[in-house]
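Participant: I'd like to ask you about the structure that follows.
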Amino acid sequence: MRPTLARRLLAALATATLVAGGTAGCGDDGDRSTDAEGKIINVFSGANAGFVPNFNPFSQNSVAGTMSVLYEALLYFNGARADDVQPQLATGYEFADNGRRLNFTIREGVKWSDGKPFSAEDVAFTFTLIKDNPKLNQNGLPIVEAVATDPTHVTLTFSQGVYTRLNLIAGRTWIVPKHIWSTIADPSAYTNEKPVGTGAFTVASFSQQNYVFERNPNYWESGKPKIRGMRFHQFASADSAIAALAAGQLDWAGSFIADIDKQYVSKDPEHNKYLNESQLYLTNLIPNLDRAPFDSGAVRRAISLALDRDQIIRLAFSGYGKEASPAQLPRPLWDDYIKPEYKDRKLEFDPARAEQTLQADGWAKGADGVYAKAGRRLSFTVKVVQGYNDYISALQIMGQSLKSVGIEMKTQEVSFTAFSTDQQTGDFDVIITNLYSEGTAYSWYSRAFASKTTAPLGQQAGSNYGRFRNAAVDAALLAMENTPPDQRDAIREHLFKIQDVIVEELPYIPIQQSSSLIEYRTENIGNFPTEQNHYALTTPYNGPDMGIVAKNLTPAG
Amino acid sequence: MATVETQRDVTGDVVPGVVVPDRRPRWRGLLRSRKLASGLAIVGFFAVVAVLGPLLVGDPNLVSDDRLLAPSAEHLLGTTTTGQDVFRQLVAATRGSMLVGLVVGLLATVVSVLVGVLGGYAGGHADESLSLVSNVFLVLPGLPLVVLITDYVQTRGALAIALIVSITAWAGSARVLRAQTLSLRSRDYVDAARVSGEPGWRIVTFEILPNLLPLIAAQFVFAVVGGILTEAALAFLGLGGSGSWGTMLYFAQNSQALSQGAWWWFVPPGLCIALVGAGLALINFSLDELINPRLRVPRRPRRTGPA
């Protein structure tokens with residue numbers, strides 16, 4: 001019965017292929033309801049598989065909205081505007097003991113969503129919980145002790161100065177109720193299916209298909225929130241999410257849409273709006289500075305000069321990316337902290353000068369059209385995560401530009417796990433990746449350029465994968481760690497020193513400020529942040545910003 | 001083609017109309033099969049494109065500002081969002097897909113012949129253990145396993161992908177070949193060879209293998225289809241990286257070609273996969289008919305006698 005077996009296998013294989021490929025096609029958009037009251041808005045935060053109940057704010061797997069919508073932090077650091085700090089559960093803070101102690105004044109009159117009163121005890125409990133459970137301490141806060149001195153005051157003591165980590169301590173630590181979490185045996189594994197928080201919304205229903213948050217009637221900020229609730233949707237593929245957006249079934253989404261004017265805005269130009277949040281990531285080519293020839297500044301400059309970033313952004317990044325600053329801080333968010341002379345400096349595109357730069361460094365063009373020096377051809381391989389199609393396209397474009405100036409660039413697609421390992425251990429010539437920060441200018445630089453976040457080749461580097469080391473940068477970072485955050489001029493001076501080095505040495509090669517498209521429909525919601533009134537970052541993802549937007553939205557009309 | 005023979009019934013009258021299947025493969029008849037001819041034509045066409053095509057068209061990765069253009073005289077199959085020519089990509093991808101199919105076919109066939117025929121002939125513990133191995137591979141969920149392995153293995157490229165796909169592609173064939181070998185090894189002519197002192201390797205090579213050839217050929221074609229389809233599935237999931245039709249579909253999918261209405265980007269590679277699959281399937285069907293005469297559809301002999 002061989003043919004039967006053969007056919008059955010063939011059919012099974014074909015089915016498997018269809019299933020694997022077809023999952024993208026069968027979208028499940030849940031039930032949509034922009035009901036008559038119109039106050040439950042429909043949100044898509046990028047989920048592409050069934051929702052799993054997890055409202056643990058300490059878990060990276062918690063569903064969108066857990067952080068900042070259900071649970072709140074002490075302060076809000078606006079991700080869209082530098083130095084915009086708003087009180088939340090704390091009304092004030094002060095540093096003491098050279099930044100090793102933090103005193104918070106806690107808001108009065110706040111209630112947990114189960115009706116129990118919130119107090120400084122809960123804040124002290126949360127930080128003690130983090131201290132006692134290293135798995136919860138994802139930001140590595142050096143907590144020694146957290147004490148509620150009275151119902152409205154908390155004192156946090158740290159083993160080292162935390163001037164540069166206020167954002168993590170007060171802005172990204174989600175306060176949980178002591179009366180519930182003190183009985184949880186393993187808080188890191190707890191899925192918290194009946195969350196009790198202080199946030200502006202509570203969970204009304206949950207299913208694999210969608211979940212709904214409803215207004216918390218006891219919310220502490222009077223008159224907020226104004227919308228009745230939010231329903232979170234999932235879509236198996238980008239195409240089905242776009243179709244839902246275009247059909248007006250979603251009010252707030254963070255979806256990449258190619259040719260957004262045609263695919264989305266034009267369907268309802270009056271209501272279909274979008275924002276391009278480009279302050280989050282800086283796409284860079286990161287050369288391995290511990291490997292030849294990237295130890296040569298001339299080579300790095302030549303590569304940079306040969307790249308036509310306009311073309312790369314236009315073709316590979318759908319035209320949404322923004323020009324990158326050589327100071328490696330996103331603009332305009334950090335404009336106040338970029339040295340004036342670097343603020344408008346562009347990364348030039350000048351192929352002729354790229355070649356001159358190489359020649360001046362002693363490279364000579366070989367018979368194959370590729371520069372060489374001391375018998376070594378100027379050829380390298382860029383590692384990229386497989387399937388990151390925008391990066392892969394960008395590298396194709398870069399490869400062609402570099403070839404025309406006599407530099408050979410190859411691309412190697414590797415799995416995500418292999419990429420992570422290789423970048424940490426330094427097993428690469430060049431990688432293409434995004435730099436990002438924990439929300440401060442200090443963190444942009446310490447993550448990417450501090451020698452304490454790197455490691456020798458073969459050992460795991462924390463975040464400085466390019467192996468950049470510079471005494472002046474380290475000194476400036478150390479000085480910032482000892483400067484209270486309100487001394488902005490001093491901080492600025494330190495940042496300028498770092499920028500002098502980075503702009504001069506060009507350790508990494510910036511490509512673009514990466515874009516995140518955020519769509520919102522003004523048919524059902526009003527008071528959404530705009531470029532002019534950017535009161536919060538509008539990304540509908542788990543994080544500090546979503547709750548701020550959610551509680552400030554108003555019903556339209 | 002089966003023959004219509006006459007025979008005599010008990011009364012001695014000649015009764016026509018009994019179909020007697022042939023024992024020997026009829027290669028010549030096969031060549032006249034329309035299925036085989038069209039299958040070979042399709043596959044042959046793609047093979048030629050795979051070998052010569054990339055030499056004739058330009059660089060498939062060349063970008064330009066002609067973004068997402070519909071097919072025209074200048075761009076026969078239009079362009080992608082990065083302004084790459086879809087026709088050139090299609091030709092280059094043909095080489096990638098066909099190469100993976102060919103390598104998977106060869107590897108899977110070699111392994112299945114080794115495991116199936118040797119195990120089937122040797123019998124005993126060797127057979128039991130080889131059989132166990134192929135049974136285990138048979139029940140492994142192929143695609144998920146390949147996805148896992150691909151994610152784990154660092155290198156990308158047509159050959160690497162083909163190797164990975166082959167890992168799960170041989171087991172079914174091995175079982176089929178083992179079953180047929182078991183049946184052949186107990187035939188009289190094999191016994192005769194054994195009694196006359198032929199060494200085992202010689203019996204396998206000269207007595208058994210030739211009789212397995214059509215079966216092996218069919219399994220090879222089957223493995224090629226499997227290889228092409230599995231690679232396309234992998235590439236569509238973003239795990240390819242070998243420049244194949246699946247890779248084209250992956251890029252089209254991620255650039256939202258469907259919702260942007262750029263049919264010229266995803267229809268051609270999809271059609272190519274379907275066509276090559278159909279071509280190989282046709283070849284396989286005609287091989288099936290060769291091996292198993294019952295599958296043949298002979299010209300129905302007219303019943304002339306009384307019912």
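The values are calculated or read from the model by the stated rules, or taken from the named source; none is laboratory data. Computed from a predicted structure; not experimentally measured. Every residue, glycine among them, receives a Cβ derived from its backbone with ideal geometry; neighbour counts consider all protein chains shown.
Participant: If the Cβ limit is 8 Å and pairs must be 6+ apart or interchain, which residue in the range A:296-314 that is acidic (Asp, Glu) pairs with which residue that is part of a helix (DSSP H, G or I)?
Facilitator: What qualifies is A:ASP308/A:ILE397; A:ASP308/A:SER401.
Participant: Further, regarding this structure: Please count how many residues of the range A:301-342 are more than 30 Å from A:GLU493 (Cβ to Cβ) and assigned to a loop (DSSP other than H, G, I, E, B).
Facilitator: Qualifying residue count, the range A:301-342: 7.
Participant: How many residues does the range A:498-557 contain that are more than 15 Å from A:GLY254 (Cα to Cα) and part of a strand (DSSP E or B)?
Facilitator: So the count comes out to 9.
Participant: Mind checking which pairs have a first residue in the range B:172-199 that is within 12 Å of chain A (Cβ to nearest Cβ) and a second that is charged (D, E, K, R) and part of a helix (DSSP H, G or I), Cβ under 7 Å, 6 or more apart or different chains?
Facilitator: From residues that are within 12 Å of chain A (Cβ to nearest Cβ), the pairs are B:VAL176/A:ARG2.
Participant: Taking the range B:79-93, which residues are more than 9 Å from chain A (Cβ to nearest Cβ) and either touching an Asp or Glu at 6+ places or on another chain (Cβ under 7 Å) or assigned to a helix (DSSP H, G or I) (or both)? Can you show your working first?
Facilitator: Residues of the range B:79-93 more than 9 Å from chain A (Cβ to nearest Cβ): B:79, B:85-93.
If the condition is that a residue be more than 9 Å from chain A (Cβ to nearest Cβ) and either touching an Asp or Glu at 6+ places or on another chain (Cβ under 7 Å) or assigned to a helix (DSSP H, G or I) (or both), then B:THR79, B:VAL86, B:PHE87, B:ARG88, B:GLN89, B:LEU90, B:VAL91, B:ALA92, B:ALA93 are the ones that fit.
Participant: Can you tell me which of A:LEU285, A:LEU275 is over 23 Å from A:ILE548 (Cα atoms) and away from chain B (no Cβ under 14 Å)? Spell out how you get there, then give the answer.
Facilitator: Values: A:LEU275 fails: over 23 Å from A:ILE548 (Cα atoms).
On inspection, the qualifying residue turns out to be A:LEU285.
Participant: Taking the condition touching a Leu at 6+ places or on another chain (Cβ under 6 Å), away from chain B (no Cβ under 14 Å) and among the acidic types (Asp, Glu), does A:ASP344 pass? Break it down stepwise before answering.
Facilitator: Details: touching a Leu at 6+ places or on another chain (Cβ under 6 Å): no; away from chain B (no Cβ under 14 Å): yes; among the acidic types (Asp, Glu): yes.
In short, no.
Participant: Further, regarding this structure: Among the residues of the range A:387-432 satisfying the criterion of being part of a loop (DSSP other than H, G, I, E, B) and among the acidic types (Asp, Glu), which is nearest to the other protein chains (Cβ to nearest Cβ)?
Facilitator: Ranking the qualifying residues of the range A:387-432, first place goes to A:ASP427.
Participant: Report the residue count in the range A:64-94 for those that are assigned to a strand (DSSP E or B) and either modelled with pLDDT under 95 or not small (Gly, Ala, Ser) (or both).
Facilitator: Of the residues in that region, 11 qualify.
Participant: Further question: Pick from A:THR155, A:THR183: which is free of Cβ contacts under 8 Å to residues at least 12 places away in the same chain, more than 26 Å from A:ARG231 (Cβ to Cβ) and among the hydroxyl-bearing types (Ser, Thr, Tyr)?
Facilitator: Values: A:THR155 fails: free of Cβ contacts under 8 Å to residues at least 12 places away in the same chain.
Just one listed residue meets the conditions, A:THR183.
Participant: Being within 14 Å of chain A (Cβ to nearest Cβ), in a helix (DSSP H, G or I) and closer than 16 Å to B:LEU215 by Cβ is the requirement here; does B:THR109 meet it?
Facilitator: Spelling it out, B:THR109 is indeed within 14 Å of chain A (Cβ to nearest Cβ), in a helix (DSSP H, G or I) and closer than 16 Å to B:LEU215 by Cβ.
Participant: Let me ask you something else. State the number of residues belonging to the range B:200-245 that are in a helix (DSSP H, G or I) and either in contact with a His (Cβ under 7 Å, 6 or more places away or on another chain) or facing chain A (nearest Cβ under 8 Å) (or both). Before you say what the answer is, go through the steps one by one.
Facilitator: Taking the range B:200-245 first, the residues in a helix (DSSP H, G or I) are B:200-236, B:245.
If we keep only those that are either in contact with a His (Cβ under 7 Å, 6 or more places away or on another chain) or facing chain A (nearest Cβ under 8 Å) (or both) too, we end up with B:215, B:218-219, B:222, B:225-226, B:229-230, B:232-233, B:236.
Number satisfying all stated conditions: 11.
Participant: Continuing with this model, one more query. Write out, first by first residue and then by second, each pair whose Cβ atoms fall under 7 Å of each other, whose residues are 6+ apart or on separate chains, and whose first residue, in the range A:132-149, is not assigned by TED's automatic domain parsing to the domain that holds A:GLY462 while the second is loosely packed, with under 14 Cβ neighbours inside 10 Å.
Facilitator: A:PRO142/A:SER159; A:PRO142/A:GLN160; A:VAL144/A:SER159
Participant: If you take the residues of the range B:147-167 that are polar (S, T, N, Q) and touching a residue at least 60 places away in the same chain (Cβ under 8 Å), which of them is farthest from the other protein chains (Cβ to nearest Cβ)? Explain how you work it out, then say what you get.
Facilitator: The initial filter retains those residues of the range B:147-167 that are polar (S, T, N, Q), namely B:150, B:154-155, B:166.
Filter again for touching a residue at least 60 places away in the same chain (Cβ under 8 Å), leaving B:150, B:166.
Working: B:THR150: 7, B:SER166: 14 Å.
So, considering only residues that are polar (S, T, N, Q) and touching a residue at least 60 places away in the same chain (Cβ under 8 Å), the one farthest from the other protein chains (Cβ to nearest Cβ) is B:SER166.
Participant: Could you tell me which numbered condition B:ASP66 fails, if it satisfies all but one of (1) touching a helix residue (DSSP H, G or I) at 6+ places or on another chain (Cβ under 9 Å); (2) within 14 Å of chain A (Cβ to nearest Cβ); (3) at pLDDT below 90; (4) on the phi < 0 side of the Ramachandran plot?
Facilitator: Against the list (1) touching a helix residue (DSSP H, G or I) at 6+ places or on another chain (Cβ under 9 Å); (2) within 14 Å of chain A (Cβ to nearest Cβ); (3) at pLDDT below 90; (4) on the phi < 0 side of the Ramachandran plot, B:ASP66 comes up short only on (1).
Participant: If you take the residues of the range A:347-386 that are in a strand (DSSP E or B), among the hydrophobic types (A, V, I, L, M, F, W, C) and surrounded by 14 or more Cβ atoms within 10 Å (Cβ to Cβ), which of them is farthest from the other protein chains (Cβ to nearest Cβ)?
Facilitator: Keep residues of the range A:347-386 that are in a strand (DSSP E or B), which gives A:364-365, A:371-373, A:376-377, A:379-385.
Those still in the list that are among the hydrophobic types (A, V, I, L, M, F, W, C) too: A:364, A:372, A:380, A:382, A:384-385.
Applying the additional criterion that residues be surrounded by 14 or more Cβ atoms within 10 Å (Cβ to Cβ) yields A:372, A:380, A:382, A:384-385.
Working: A:ALA372: 23, A:PHE380: 17, A:VAL382: 13, A:VAL384: 10, A:VAL385: 9 Å.
So, considering only residues that are in a strand (DSSP E or B), among the hydrophobic types (A, V, I, L, M, F, W, C) and surrounded by 14 or more Cβ atoms within 10 Å (Cβ to Cβ), the one farthest from the other protein chains (Cβ to nearest Cβ) is A:ALA372.
Participant: In the range A:164-256, which helices (runs of 4 or more DSSP H) lie fully inside it and hold 3 or more residues that are under 27 Å from A:ALA80 (Cα atoms)? Can you show your working first?
Facilitator: On the way: elements: A:166-171, A:178-181, A:238-246.
Per the criteria, A:166-171, A:238-246.
Participant: From the list B:LEU76, B:LEU143, exactly one residue is of a type in the set (A, V, I, L, M, F, W, C) and away from chain A (no Cβ under 13 Å). Which is it? Lay out the reasoning, then the answer.
Facilitator: Details: B:LEU143 fails: away from chain A (no Cβ under 13 Å).
Within the list B:LEU76, B:LEU143, the selection yields B:LEU76.
Participant: Okay, moving on. Being basic (Lys, Arg) and touching a helix residue (DSSP H, G or I) at 6+ places or on another chain (Cβ under 7 Å) is the filter; apply it to the range B:167-206 and report the residue that is surrounded by the fewest Cβ atoms within 10 Å (Cβ to Cβ). Spell out the reasoning first.
Facilitator: Step one: filter the range B:167-206 for residues basic (Lys, Arg), giving B:175, B:178, B:185, B:187, B:194, B:202.
Checking the rest, the ones that are also touching a helix residue (DSSP H, G or I) at 6+ places or on another chain (Cβ under 7 Å) come to B:175, B:178, B:185, B:194.
Working: B:ARG175: 22, B:ARG178: 22, B:ARG185: 19, B:ARG194: 14.
It comes out as B:ARG194.
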